[in-house]
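This report refers to the structure that appears directly beneath it.
Every read-out reported here was derived from the displayed coordinates using simple, explicitly stated rules and does not represent laboratory data. What you are looking at is a predicted structure, and each value in this text was computed from that prediction instead of being measured. Cβ placement follows ideal geometry from the backbone for every residue including glycine, while neighbour counts extend to all protein chains displayed.
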Amino acid sequence: MLPIGGETLVLTHDMMAEGRHFPAGADMADVAWKVVAANLSDLAAKGAEPIGVLLGHMLGEGDERFLEGLGEVLHTYGVPLLGGDTIRGAGRSEGARAFGLTAIGRATHIPVPDRRGARPGDAFYVTGPLGAAMLGFEALKAGKTGQSAAYLRPKPLLDEGQALAPLVTAMMDISDGLLLDAWRLGEASGVTLALDSAHFPVADPARRDDCVRWGDDYELLFTAPVDTALPVEATRIGTVAARGASALLVDGKPMTPQDGLGYRH
């Protein structure tokens, strides 16, 4: 976050690699969409309005489809491609490809929300269902591409983030799973997040535990005073408490990343 004059610029950079973030043989239009959407989701978590993106692109098979997907996602969210770089050559493992993208945004509210501001007594919320990306990934592996949109083309919650920015005490997006990212928010804020698993909004209630650990959902996690009138749809899943033995309690049980809370690189 860079204060410039009376405004604050928000910059974020994320990469995606073949074999780690997308499978070999993936439709490169979907890859382009996702690398942009993941970065825009970081701007959403800051309540920022996108200004543009810079793309680092490794040339290879499927570039025409990549350009199609890139055009689609940038048009959908009204974001210009400001520049970047292209290279030719194999990745660290022969044939693997990687892409990096920097997104630049303008904060719509000062102070800019981050994960450090949760306060004891706040309510803890999450937008949207969790686990939809996991189900989409499994559908993709089964050849059911028509059921894979949540995994292939996530939707950054830019409007929701901007609406919440003046109201929240802390906010971040979910990329590595609800539980792991909730622990990170609690740790950064120096508080304990006490969660009630019965209130977790999940895409498949029969697989509740998987849904909250898998990640890739790009929903927003946030804390706010309990009497806040929310301008977006969200589910209260817990309460912020004074720091205890762990930054995260689930149904009263202390949990840490060593408990396999989510996806760790």
Built amide H within the under 5 Å cut-off of residue 8, gap 5+: 107
Cα Rg over Rh - the stretch 1-79, Kirkwood: 1.02
Surrounding net charge for residue 129, when Lys and Arg each add one and Asp and Glu each subtract one, Cβ distance under 10 Å: -3
Net charge of Cβ neighbours under 14 Å - reference residue 244; Lys, Arg +1; Asp, Glu -1: +1
Contour excess over end-to-end distance, with Cα ends at residue 229 and residue 253 and 0.36 nm allotted per residue: 5.7 nm
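Treat every Asp and Glu Cβ in the chain as -1 and every Lys and Arg Cβ as +1, leave all other atoms uncharged, and give the resulting dipole magnitude about the Cα centre to the nearest 20 debye.
480
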Estimated 222 nm signal from helices in the chain, with DSSP H stretches of n ≥ 4 weighted -39500 (n - 2.57), rounded to 500: -8000 deg cm²/dmol
Highest average packing first - 130-140, 173-183, Cβ atoms within 10 Å: 173-183, 130-140
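Name the trypsin sites (Lys or Arg not before Pro) in the stretch 68-173 that are in a loop by DSSP and that have at most 10 other C-beta atoms within 10 Å, would you?
When the trypsin sites (Lys or Arg not before Pro) of the stretch 68-173 are filtered for loop state and at most 10 Cβ neighbours within 10 Å, 88, 92 remain.
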Lys/Arg +1, Asp/Glu -1 at C-beta; the stretch 106-265 dipole; positive extreme among 231, 171, 256: 256
In degrees, nearest ten, helix 28-45 long axis to first principal axis of the chain (Cα): 30
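Could the peptides 41-50, 14-23, 208-217 be put in order, highest first, of the mean number of other beta-carbon atoms found within 10 Å of their residues?
On the way: 41-50: 25.9, 14-23: 16.2, 208-217: 21.3.
Result, highest mean first: 41-50, 208-217, 14-23.
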Pair-distance profile P(r), taking every C-alpha pair of the chain, with 10 angstrom steps and integer %: 7, 30, 34, 22, 7, 0
Alpha-carbon centroid distance for the pair the stretch 43-62 / the stretch 101-163, whole angstrom: 15
